[in-house]
1. Give me the pairs: first residue in the stretch 2-31 and closer than 23 Å to Q139 by Cα, second residue open to solvent by less than 90 Å² (accessible area, probe 1.4 Å) and assigned to a helix (DSSP H, G or I), beta-carbon distance under 8 Å, and six or more apart or on different chains, which are they?
2. Tell me, please, whether a residue that is out of contact with any strand residue (DSSP E or B) (no Cβ under 8 Å at 6 or more places or on another chain), basic (K, R) and within 30 Å of T13 (Cα to Cα) can be found in the stretch 140-158.
3. Tally the residues that are open to solvent by 50 Å² or more (accessible area, probe 1.4 Å) and either within 22 Å of the chain's Cα centre (by Cα) or at pLDDT 95 or above (or both), restricting the search to the stretch 295-305.
4. With S235, S308, S228 as the choices, which residue is assigned to a strand (DSSP E or B), of a type in the set (S, T, N, Q), closer than 27 Å to G201 by Cβ and under 20 Å from the mean Cα position of the chain (by Cα)?
5. How many residues, within the stretch 207-234, are in contact with a helix residue (DSSP H, G or I) (Cβ under 7 Å, 6 or more places away or on another chain) and surrounded by fewer than 17 Cβ atoms within 10 Å (Cβ to Cβ)?
6. Please find, within the stretch 20-39, the residue that is most open to solvent (accessible area, probe 1.4 Å) out of those that are at pLDDT 85 or above and over 30 Å from Y150 (Cβ atoms).
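The values are calculated or read from the model by the stated rules, or taken from the named source; none is laboratory data. Values in this document were obtained by computation on a predicted structure and should not be read as measured data. Using ideal geometry, Cβ is built from the backbone for each residue, glycine included, and neighbour counts are taken over all protein chains shown. The protein model used for the area step is the full one, side chains on, heavy atoms only, and it has no ligands, DNA or RNA in it. Shrake-Rupley method; radii C 1.70, N 1.55, O 1.52, S 1.80 Å.
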Amino acid sequence: MEVELKALEENQTWTVVDLPIGKVPIGCRWVYKIKHKADGSIERHKAILVAKAIKGWYLEQLDFNNAFLHGDLSEEVYMTLPPGLSGFPPSKQSKADYSLYVKHADSHFTALLVYVDDVVLAGNSLAEIRHVKHLLDKQFRIKDLGTLRYFLGLEIARSTIGILLNQRKYTLELLQDAGVLAAKPSSVPFDPNTKLSLHDGDLLDDPSSYRRLIGRLIYLTNTRPDISFAIQNLSQFMSQPRVPHIQAATRVLRYLKAVPATCIFYSSSSALKLVGFADSDWARCPDTRKSITGYCVMLGSSLLCWKSKKQHTAARSSTEAEYRALASITCEV
């Protein structure tokens, strides 16, 4: 707690002022958190000071230590890129993810990803990475956690041949919370002959459990393209989930039990050749008769992105559905 308070003061997180007339001060509380490694062992203990509520909204477990937060807390809270990165030109903010900043300088490429109080640095120049870390440490008191191994449920392993990404720990925790660790494994995540509908089957007594489960499964698709088609189907029934929907979701869980540690591999020797594959499932949806687009894009042998999504309008033929799938992947490329 003393370290947290010292960091807040050093980073000039707040300015002490008189309380304006008619304003009510915002309370705060301490949150104690244990940070774990991917293998489940304890990495470190944290004490976090959080604001209780602002106009009815709760800020749970927001670490102000490195969140670069300053302002009138009686009105609004702003989260911005650290001012210390003013020395990061000519950086460019990504339009696809506003938390991502990239920098090109000569033959060097550096990427910086900000998530609340965590920053991930990647690049092909250690000298440039050290320079950015120096800028941050000069402006703020930061902790260098070394080579990236575990981040937001993602497990990262590196070697001379490439980088492996997986969510094994996240998957096992999901299976344990769902109570299916003892269930019979499934060889496929989704029965290709099954067509789920908005109206077939009884409504679930507790739809919130289905929504939480699908939300967690959606996050798992970050490293699991093999379940993207199934989760795309199941996510359409969040408003009124029914018994067949939870049965199909349970099958996905049984499939994950059979293969909990599927990895995405990024080869260090991939050919610089961009390749895309697209397909469609014509009139897949029984309720709207819309088709499903599926595609993936690879750089050499490394899978970069993938998607499974219902098309916006109904296609009059399988050929039309195929052309729309091709149009989607062309935009992605």
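1. Within 8 Å, the pairs are W14/L8.
2. Looking for residues that are out of contact with any strand residue (DSSP E or B) (no Cβ under 8 Å at 6 or more places or on another chain), basic (K, R) and within 30 Å of T13 (Cα to Cα), one finds at least one in the stretch 140-158, hence yes.
3. 2
4. Just a single option satisfies the conditions, and that option is S308.
5. Residues of the stretch 207-234 that are in contact with a helix residue (DSSP H, G or I) (Cβ under 7 Å, 6 or more places away or on another chain), as a first pass: 210, 213-214, 216-218, 220-221, 227, 230-231, 234.
Next, only the ones that are surrounded by fewer than 17 Cβ atoms within 10 Å (Cβ to Cβ) stay: 216, 218.
So the answer is 2.
6. Checked the stretch 20-39; the qualifying residue most open to solvent (accessible area, probe 1.4 Å) is I21.
Okay, residues lined up against (1) part of a helix (DSSP H, G or I); (2) closer than 22 Å to N233 by Cβ:
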position	(1), (2)
A127	yes, no
D144	no, no
L148	no, no
I156	no, no
T171	yes, yes
K184	no, yes
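Residue by residue, here is whether (1) of a type outside the set (V, I, T); (2) closer than 30 Å to A178 by Cα; (3) open to solvent by 60 Å² or more (accessible area, probe 1.4 Å); (4) modelled with pLDDT of 90 or more holds:
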| residue | (1), (2), (3), (4) |
| --- | --- |
| A249 | yes, yes, no, yes |
| V252 | no, yes, no, yes |
| Y255 | yes, yes, no, yes |
| A258 | yes, yes, no, yes |
| T262 | no, yes, no, no |
| F265 | yes, yes, yes, yes |
| R284 | yes, yes, no, no |
| K290 | yes, no, no, yes |
| T293 | no, yes, no, yes |
